[in-house]
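Down below is the structure, laid out as structure tokens.
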Amino acid sequence: MANRLKDKIAIVTGAGSVGPGWGNGKAAAVLFAREGARVFAVDVSPEAAEETRDIIAREGGDCTAHQADVSRSEDVETLVARCFDTYDRIDILHNNVGILHVGGCVELSEETWDRVVDVNLKSMFLTCKHVLPHMERQGGGAIVNISSITSIRWLGVPYVSYSATKGGVNQLTQSIAMQYATKNIRANSILPGFMNTPMVAKSLAEFYAQGDVEKMIQIRDNQCPMGRMGDAWDVAYAALYLASDEAKYVTGAELVVDGGLTCKVV
Ligand code: NAP
């Protein structure tokens, strides 16, 4: 343990994983704990949050698992209050939750559009709404929001609700960064590229390869300049940096973690 987050209290949303393996939120929660943070692990699935807590506990870290749907106002108010009651402060807010539905404007139902907006964008508004007053009173804090390179590029998949909400995440983050710059509260977003996580297997295998996960992985690997997708730890290490005091002069940034994919034209 290098203690890069020693004694910090960190809320991580979507701290479980949609399937076996390592999602971005699960990796971030475990990495934050390895670096000395006490982690408040939030997930809509209680089992997924508990699994992350158990991993952290086995490694000798401190984690509280909490079930919440972060798109729901009451759930967010409760989770922030419980984190504060448990640990007495909130230093880091890591907004990792995001869902993906394939579909353009014509194909996507209005109901799915609304759900993606609520889960990907409104959730971050809600967590910031309830966490920022604590950070302001404490005299500082760090917010890390997970966006995607689809917020700035067409990636070959028509997922209009996903791209639009991730664009919103970038601007939400910059607005907070500017409003709170003099208050020692930093807000940054991470724009992951193609990452090989359980979420991708669940949401994109059908679009790429009629449900064949191995084939989908091969196709996406081939599209990346390094010949392979990144993984959850690549995103987690970027989040660790932005959450830590090492990034004390970094705010309003959009950190691209994509193995060079956004540099590529063909
Ligand atoms: P994940 O494994 O799908 O999600 C993590 C956890 O979040 C899951 O346990 C999931 O529960 C939970 N969750 C979903 N909706 C929730 C809600 N409303 N409230 C609370 N928890 C909720 O995803 P991940 O791999 O950690 O990645 C998440 C983030 O990375 C997303 O923001 C995604 O957009 C971003 N990202 C990923 C890639 C990539 O290629 N993998 C690229 C760019 C950006 P359930 O399983 O029960 O739904």
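Quick note: the coordinates plus some simple rules give every number you see, no bench work behind them. These numbers come from a predicted model, not from an experiment. Here the Cβ is made from the backbone with ideal geometry for all residues, glycine too, and neighbour counts use every protein chain on show.
Taking the C-alpha atoms only, the angle from helix 46-58 to the longest principal axis of the chain is near 60 degrees. Where in the chain lies the longest segment free of GluC sites (Glu not before Pro) that are both loop residues by DSSP (not H, G, I, E, B) and have at most 14 other Cβ atoms within 10 Å? The reported range is 108-266. With springs connecting C-alpha atoms under 10 Å apart, model the chain as a Gaussian network and identify which of Ala142, Ala81, Ala68 has the largest mean-square fluctuation. Evaluated over the chain, the most mobile residue of the options is Ala81. Any idea what angle helix 160-179 forms with the longest principal axis of the chain, computed on alpha-carbon atoms, 0 to 90 degrees, nearest 10? The angle comes out near 30 degrees. Take 180-187, 153-160, 121-128 and order them by the average number of nearby Cβ atoms within 10 Å per residue, most first; the result is 121-128, 180-187, 153-160. Taking the C-alpha atoms only, the angle from helix 232-243 to the longest principal axis of the chain is near 40 degrees.
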